[in-house]
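> Let me begin by handing over the structure; questions about it come next.
The values are calculated or read from the model by the stated rules, or taken from the named source; none is laboratory data. Fair warning: this is a prediction, and the values are worked out from it, not measured in the lab. Here the Cβ positions follow ideal geometry from the backbone for every residue, glycine too, while neighbour counts run over all protein chains shown.
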Amino acid sequence: MLARLIQAGSTRVSKALILWLASTACACSSGGSYVWVQELQQPPPQAATPYVIAPGDVLDIRVYEDERASARTRVRRDGRVTLGLIGDVEAAGRTPERLTQEIAAHLARFIQKPSVRVSVEEAHPTLVTVVGEVANPGVFTLTPGSGVLQALASAGGLTEFADEDRIYVVRKEPSLRIRFTYDALTRNDARAIGFVLADGDVVTIE
């Protein structure tokens, strides 16, 4: 229809409207804006940053020579853990080193020169939503470091109606829509299989 209007030189359709219709048609055909995973800009290499404790992490907290405050415990949703002698302690948002110092400071009221060690035994799981043409869409708990193939496997794999060239990861922070092909994922394309899913990502298969 757009071509007919242009060929007919219709005075009812302005150039601006024609351009708008053309851009709309392009957007619809592409399914929205996205970036191919192979073209995704990589952050510059940085020095390793200390791990920051988050809700869901399992911590091993050891107070030497006084086991009353020792515990193997999971960080609750409110970001806290409960220890003997001192009660609730804010853990989320701290590095293990900082939490060690804070626990030692609390214990100093009860123990002379407390010796404390905090280690992360299990990192909090990654929650990813998989929707579209998969056997069992839903929300899945993945181990940290998982990629798109692990998410697809958790959802039972692609259906016979899936478009293997239209697999997307939608990320909130930063706002991104990243496109994959099933071929790239299964032939060990470095950028595709090296992409790590983040907590809250949504994988969509058209």
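> (1) surrounded by 15 or more Cβ atoms within 10 Å (Cβ to Cβ); (2) modelled with pLDDT under 95: which one isn't true of ARG98, the others all being true?
Every listed condition holds for ARG98 apart from (2).
> Considering only the range 169-189, state which residues are under 19 Å from the mean Cα position of the chain (by Cα) and not polar (S, T, N, Q).
Those that are under 19 Å from the mean Cα position of the chain (by Cα) and not polar (S, T, N, Q): VAL169, VAL170, ARG171, LYS172, GLU173, PRO174, LEU176, ARG177, ILE178, ARG179, PHE180, LEU185.
> List, please: which pairs have Cβ atoms under 6 Å, are six or more places apart or on different chains, and start with a residue in the range 148-171 that is without any contact (Cβ under 8 Å) to a residue 60 or more places away in the chain and farther than 9 Å from TYR182 by Cβ and end with one that is part of a strand (DSSP E or B) and not aliphatic (A, V, I, L, M)?
Partner pairs satisfying both residue conditions: VAL148/PHE180; SER154/PHE140; VAL170/ARG177.
> Could you list, in sequence order, all residues of the range 124-178 that are among the basic types (Lys, Arg) and closer than 13 Å to THR204 by Cα?
Initial filter on the range 124-178 (among the basic types (Lys, Arg)): 166, 171-172, 177.
Within the range 124-178, ARG166, ARG171, ARG177 meet the criteria.
> Next question. In the range 121-161, how many residues are at pLDDT below 95 and in contact with a Pro (Cβ under 6 Å, 6 or more places away or on another chain)?
3
> Among all residue pairs at least 6 apart or on different chains, which show Cβ distances below 9 Å where the first residue, located in the range 102-114, is closer than 16 Å to ILE61 by Cα and the second is part of a helix (DSSP H, G or I) and among the β-branched types (Val, Ile, Thr)?
PRO114/ILE103
> Still on this model: What about ALA105, is it more than 20 Å from ALA54 (Cα to Cα) and under 13 Å from the mean Cα position of the chain (by Cα)? Show your work before the answer.
Details: more than 20 Å from ALA54 (Cα to Cα): yes; under 13 Å from the mean Cα position of the chain (by Cα): no.
Here the answer is no, as ALA105 does not meet what is asked.
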